[in-house]
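Below: the structure, in structure tokens.
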């Protein structure tokens, strides 16, 4: 060993001091630089992994949102078609109800007009009977004017009026 020391010109005390100095510098650097650096790197690695996991979750959620969106669009289209069909059916029912209402109104108008015409006809018939009665009375007075007495005339006129009114 002395040969190694003499060949390399090593001084054991100096070598020992350097080893101690190296150990001290290593310990200081380890505790004050390497350990906090490793901690920061571990935290950063955890953040990156969390970011990658979150990105993957977000991508999955985005894909699910796309599927949900497509499904909602399909449902909305179905619902819109159903609303349109319901509106058309209700429109048809309303149209039919209006047609029926109009038919009833027309029937009522026709019935009212028939009644009005019947009433006018009866009024005309009464008027015609009145004029006919007057005409019969006038004719009988002319015919009987010279031949009958006034009581016989009145009886004949009343009988003629009664017979005519019964018709």
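Side notes on the structure shown:
Residue-by-condition table, conditions (1) under 34 Å from the mean Cα position of the chain (by Cα); (2) surrounded by fewer than 10 Cβ atoms within 10 Å (Cβ to Cβ):
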position	(1), (2)
13	no, yes
25	no, no
28	no, no
44	no, no
49	no, no
68	yes, no
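- Residue among 117, 126 that is within 30 Å of residue 162 (Cβ to Cβ), more than 42 Å from the chain's Cα centre (by Cα), in a helix (DSSP H, G or I) and at pLDDT 95 or above: 117
The values are calculated or read from the model by the stated rules, or taken from the named source; none is laboratory data. Worth saying up front: this structure is predicted, and the values here are computed from it rather than measured. Quick reminder, even Gly has a Cβ in these numbers, built from the backbone with ideal geometry, and neighbours come from all protein chains shown.
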